[in-house]
Amino acid sequence: MSDSLSTGRLVTRLLLVVACMFAFGFALVPIYDVMCKAFGINGKPDGTAYQGQQALDEQRQVRVQFLATNSVEMVWEFHPKADDLVVHPGATNEMLFVAYNPSDHPMTAQAIPSISPSKAAAYFHKTECFCFTQQVLQPGERIEMPVRFIVDRDLPKDVKHLTLAYTLFDITARKPPVAQVSLTQAAP
């Protein structure tokens, strides 16, 4: 009787530990967001499309710097067409990023954005961005990918410089690209 009682307690404790671990896993995302906000790191944009129309603030200029990096396993060449732009809050702006696949096989990539300083992320609105979708490039293919954005007029006055950084990840293993077939090859 003693063995079955101790086995029952052990099973109960193990189930409690599993339940706590499961709950902690779900709590990690909100904890991460709170920590980022508290320490001012990461500057994740909220991912929502900007719907507002704003009047142009011609009295104010903000410098937007563009950075492009590859994750460790990514072999593509990836860079912005210019290092920075000076913009007026409320104006629609565009920057082109260039990607080139030097490999001998099709690859799929995903760009992850980050904005700094983090307090400016809520005031930076991307209306079109290559980061919204996965990019597939064939061997030797080069593309220009636009990002269109508006710096909100409500951006705090002390923020005169923003950095929009992208990290490009190779996700080919998770989502294999479809090879292009020319019409001449497809004909019998």
- Run Pro102 past the list (1) over 16 Å from the mean Cα position of the chain (by Cα); (2) without any contact (Cβ under 8 Å) to a residue 40 or more places away in the chain; (3) assigned to a strand (DSSP E or B) and report the number of the one that doesn't hold. (3)
- Residues located in segment 119-150, provided they are in a helix (DSSP H, G or I) and more than 14 Å from the chain's Cα centre (by Cα): Lys119, Ala120, Ala122, Tyr123
- Task: Find all pairs meeting these conditions: Cβ atoms under 6 angstrom apart; at least six residues apart or on different chains; first residue within segment 74-93 and without any contact (Cβ under 8 Å) to a residue 24 or more places away in the chain; second residue in a strand (DSSP E or B) and of a type in the set (Gly, Ala, Ser).
- Result: His79/Ala68; Pro80/Ala68
- Message: Suppose we filter Phe97, Phe124, Phe130 for residues that are at pLDDT 95 or above and crowded, with 19+ Cβ neighbours inside 10 Å; which single one remains?
- Response: Phe97
- Item | Single match in Asp158, Asp152 (criterion: of a type in the set (Asp, Glu) and surrounded by fewer than 16 Cβ atoms within 10 Å (Cβ to Cβ)) | Asp158
- Taking the condition surrounded by fewer than 18 Cβ atoms within 10 Å (Cβ to Cβ) and either assigned to a helix (DSSP H, G or I) or at pLDDT 95 or above (or both), does Leu56 pass? no
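The values are calculated or read from the model by the stated rules, or taken from the named source; none is laboratory data. Just so it is clear, the structure is predicted and the values come from calculations on it, not from any experiment. When we count neighbours, we look across all protein chains shown, and the Cβ atoms used for this are built from the backbone with ideal geometry, even at glycine.
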